[in-house]
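Reviewing the structure listed below.
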Amino acid sequence: MKIALIGYGKMGKEIEQIALSRGHSITLKIDIQNQEELTIENLKQADVAIEFTSPATAVNNYKLCFEAGVPVVSGTTGWLEQKTEVELLCTAKKGCFFYASNFSLGVNIFFAMNRYLAKVMNEFPQYDVSMTEVHHTQKLDAPSGTALTIAEDIISLNELKSSWTIDEPASKEELYIKPIREGVVPGIHTVKYDSEVDFIEITHSAYSRKGFAFGAVLAAEYSAGRIGILSMTDLLNF
């Protein structure tokens, strides 16, 4: 499979290593030094594009991929206010768009555990739920896309919460998310249900970017030759 890498930072380089180890080739590598090479013509040389850039550039990158008829797999976060627009354009162009806030297999298992726990805890209102997410200092968005996925699942399934905040909660209905930026932490996400007598806590902690990169390559393999809006739920068949 021929892969175009849109974004060739630390994550892009990790994806490249895993893709090559699985027998794929890299036909295009785009970073800040050669953005002029991100053209429809160059994209057409690939079977699939993997996009890890920034919120400011992601949506335009998706549009180029749709125009080129190339499936695009993206892990860029912070652009979701345009998600409906992107999905409508993908559908209109009969393209393929695979988005995940986190491609790690472990994180997606964690998502499933979080959804189950959120439903169970409806029966136990004495427990108040909150979240913490820790990332490296170069992480631009806060809370992280992964944290937002976790929060949205809690809000949709737990009757005690209706919104989220990173400030001091104004009411019991607000889910508090505490974002921390320090060091070179790849990502730690914790959901805590706290009561007067005890607490229940689930945590996912990444050792490195390798798990995210591996999942992104699996998503690219899954997306090649497909049409439609895809997610890790499709890939993992949860």
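The values are calculated or read from the model by the stated rules, or taken from the named source; none is laboratory data. As the structure is a computational prediction, the values presented were derived from the model and not from experiment. Neighbour counts run over all protein chains shown; Cβ positions are idealised from the backbone, glycine included.
Structural remarks
Results for (1) in the same structural domain as Tyr127 (by TED's automatic domain parsing); (2) touching a helix residue (DSSP H, G or I) at 6+ places or on another chain (Cβ under 7 Å); (3) closer than 19 Å to Ala112 by Cα, shown as yes or no for each residue.
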{"site": "Gln138", "(1), (2), (3)": "yes, no, no"}
{"site": "Gly145", "(1), (2), (3)": "yes, no, yes"}
{"site": "Ile150", "(1), (2), (3)": "yes, yes, yes"}
{"site": "Asn158", "(1), (2), (3)": "yes, yes, yes"}
{"site": "Ser171", "(1), (2), (3)": "yes, no, no"}
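- Residue within region 118-131 that is more than 14 Å from the chain's Cα centre (by Cα) and within 30 Å of Ile18 (Cβ to Cβ) present: yes
- Residue within region 118-132 that is in contact with a helix residue (DSSP H, G or I) (Cβ under 6 Å, 6 or more places away or on another chain), within 30 Å of Ile26 (Cα to Cα) and surrounded by fewer than 17 Cβ atoms within 10 Å (Cβ to Cβ) present: no
- Restricting attention to region 123-158, the residues that are more than 23 Å from Ser195 (Cβ to Cβ) and assigned to a strand (DSSP E or B) total 2.
- Residue in region 215-235 that is aromatic (Phe, Trp, Tyr) and not assigned by TED's automatic domain parsing to the domain that holds Gly145 present: yes
- Test: residue in region 169-177 that is among the hydrophobic types (A, V, I, L, M, F, W, C) and closer than 18 Å to Met11 by Cβ: no
- Test: residue in region 87-99 that is aromatic (Phe, Trp, Tyr) and in contact with a Cys (Cβ under 7 Å, 6 or more places away or on another chain): yes
- Residue among Lys93, Lys139, Lys119 that alone is touching a residue at least 12 places away in the same chain (Cβ under 8 Å), within 18 Å of Pro55 (Cα to Cα) and of a type in the set (D, E, K, R): Lys139
- Counted residues, region 158-202 - those being under 15 Å from Tyr127 (Cα atoms) and of a type in the set (A, V, I, L, M, F, W, C): 7
- Single unsatisfied condition, Lys161 versus (1) farther than 19 Å from Val185 by Cα; (2) in contact with an Asp or Glu (Cβ under 7 Å, 6 or more places away or on another chain); (3) outside any loop (DSSP other than H, G, I, E, B): (3)
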